Amino acid sequence: MKKLLLVFLICLNINAFAQTHNYTIQGKIGNLNQPATVFLLYNDTIFNASVLHDGAFTFEGTIAHPTQAYLTLNKKGGGFTADNYVQFYVEAGGIIKVASPDSLAKAKITGTKTNDEYNSYKALMVDIERRDGELETKDTSATEEQKRSPAFLKELEMQNKALEKERRALNMQYITDHPGSLISLDALQSFATFSDYNAISALYNKLSAEVKNSPQGKAYAQTLDNMSAVGLGKIAPDFELPDTSARPVKLSSFRGKYVLLDFWASWCPVCRESSPGVLKAYKQYKDKNFTVLSVSLDKPGDKKAWLNAIHHDGLLWTQVSDLKFWQSPLVNLYKLTAIPQNFLLDPDGKIIARDLDSNELPAKLAEIFKQ
């Protein structure tokens, strides 16, 4: 079950001032006719729209380099919708063919080098994605009794962790085997969210010079530089946020203690599933120079939902939030693109571990406190 990501159908606008080449996209989606409309998105822009005629549509334009893009379908016509979409790559070097019996979600896209490589990558990940969907269904269909069961929640957390470990291993193998593919760069970014800077930079350095020198590669090199600020061994950036009673709390005020800095939100089911494990560790080690500081990315106006989640889950430690959702300054400060995430800090405020699950956290604390 995937972690909740800060994702929208956008790509970096890195085409400026580059030499461009012609591309052509030809598609067929069953026998759909107007008002059914397909939209093409890339570089943070809805580039164009095409009304279907007997299922057919065409897009033509210029592109500087292979660029991640999306096609979306609105069968009822009208404006853009993101409900029915497919990811692919706009690039020159051949006609990009899109074929599907009835929806873009089932579309097969072929005809150019990067899209063929992307198809191979998706085939590699198909079993992981199938099991991810099954785990998602198990989570969303849980009864209220199951949602209150620590054993059920831990089972979900452990299954999710095991699945993500498999996903990470497959991605790492793909990157190692295909250093010259842009798909490897995208694969690297897909799991970098929950990895330390040192591990990600080592994988990045395995990529070919051509990939690293591409606009996407150079942009990600800058992202890696930014990630280094919250890598293992670095001092966690200080901040001040209001607690549940609107009193200001500074991270640095916890110096002298081991601190689990925990990012979550009341709307995040995966975060809520991990709460019992954090609570158990807190109760076991709170008298041994350990505490937790939770930072919520709840939305503006949702203070009640935040407070209700704290009460419902029995969270006993300090809770802070500016209720700014993904617009919180801490999103950039800690390079967050998904939650839950956590950072374990030593008494000097140095990051000594991150993204510990309900098994890893008590094991790490037992190691620290020699139990």
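The values are calculated or read from the model by the stated rules, or taken from the named source; none is laboratory data. In this text the structure is predicted, and so the values were computed from the model without any measurement. Here the Cβ positions follow ideal geometry from the backbone for every residue, glycine too, while neighbour counts run over all protein chains shown. Ligands, DNA and RNA are stripped out before the accessible areas are found, and what is left, the full protein with its side chains, is counted by its heavy atoms. Shrake-Rupley method; radii C 1.70, N 1.55, O 1.52, S 1.80 Å.
If you wrap a convex hull around the C-alpha atoms of the chain and split its volume per residue, what is the figure in Å³?
154 Å³
Rounded if a/c is under 1.5, else prolate if a/b beats b/c, else oblate: with a ≥ b ≥ c from the C-alpha gyration tensor eigenvalues square-rooted, which is the range 140-274?
Judged from the Cα gyration tensor, the range 140-274 comes out oblate (a/c at least 1.5, b/c at or above a/b).
List the pairs from K28/K335; K138/K218; K280/K304; K286/K335; K212/K299; K324/K370 whose alpha-carbon separation is above 32 Å, in the order I gave them.
Correct reply: K28/K335; K138/K218; K212/K299; K324/K370.
Could you give the spread of the C-alpha atoms of the range 216-371 along their three principal axes, from largest to smallest, in whole angstroms?
Its Cα atoms span 46, 40, 27 Å along the three principal axes.
What are the residues whose amide H is under 5 Å from the amide H of L32, where those residues sit 5 or more places off or on another chain and H is modelled from the backbone?
Amide H neighbours of L32, under 5 Å, 5+ apart: G55.
Where the accessible area of the chain is counted over protein heavy atoms with a 1.4 Å probe, how much of it, in %, is carbon and sulfur?
53 percent
Could I get the Rg over Rh figure for the range 61-121? Both from C-alpha atoms, Rh via Kirkwood, rounded to two places.
0.98
On full extension of the chain, what length is gained from E210 through D83, given 0.36 nm per residue of separation minus the C-alpha to C-alpha distance?
42.3 nm
Which one, N213, N74, S141, projects farthest toward the positive side of the charge dipole computed for the chain from Cβ point charges (K/R +1, D/E -1)?
Result: S141.
Could you tell me which residue out of S358, G55, S100 lies farthest along the dipole of the chain toward its positive end? Charges go on the beta carbon: Lys and Arg +1, Asp and Glu -1, centred on the Cα centre.
Toward the positive end, the furthest listed residue is S358.
What's the long-distance tail for the range 75-163, i.e. % of Cα pairs beyond 21 Å?
For the range 75-163, the fraction of Cα-Cα distances above 21 Å is 54 percent.
What does the helix-only formula give at 222 nm for the chain: each DSSP H stretch with n ≥ 4 adding -39500 (n - 2.57), the total divided by the residues, and the result rounded to the nearest 500 deg cm²/dmol?
That calculation yields -12000 deg cm²/dmol at 222 nm.
With r defined as the distance between the Cβ atoms of T140 and A49 and R0 fixed at 30 Å, what FRET efficiency is calculated, to the nearest 0.05?
Step by step, r from the Cβ atoms, then E = 0.40.
For the range 295-371, compute Rh as the Kirkwood radius over C-alpha pairs and then the Stokes-Einstein diffusion coefficient at 10 °C and 1.306 mPa s; write the answer in µm²/s, rounded to an integer.
Approximately 111 µm²/s, per Stokes-Einstein.
Any idea what the dipole of the chain comes to, in debye rounded to 20, about its Cα centre with Lys/Arg Cβ at +1 and Asp/Glu Cβ at -1?
It comes to approximately 540 debye.
What whole-number value in Å² describes the accessible area per residue of the range 165-223 for a 1.4 Å probe?
That works out to 46 Å² for each residue.
Give the aspartates and glutamates whose C-alpha is closer than 17 Å to that of K106, dropping any in the same chain fewer than 8 places away, or say none.
Here the aspartates and glutamates satisfying the reach criterion relative to K106 are D83, D116, D127, E129.
Would you be so kind as to identify which of G301, Y334, G277 lies farthest towards the positive end of the dipole of the range 269-368, taking Lys and Arg as +1 and Asp and Glu as -1 on Cβ and the Cα centre as origin?
Towards the positive end, the residue furthest out is G301.
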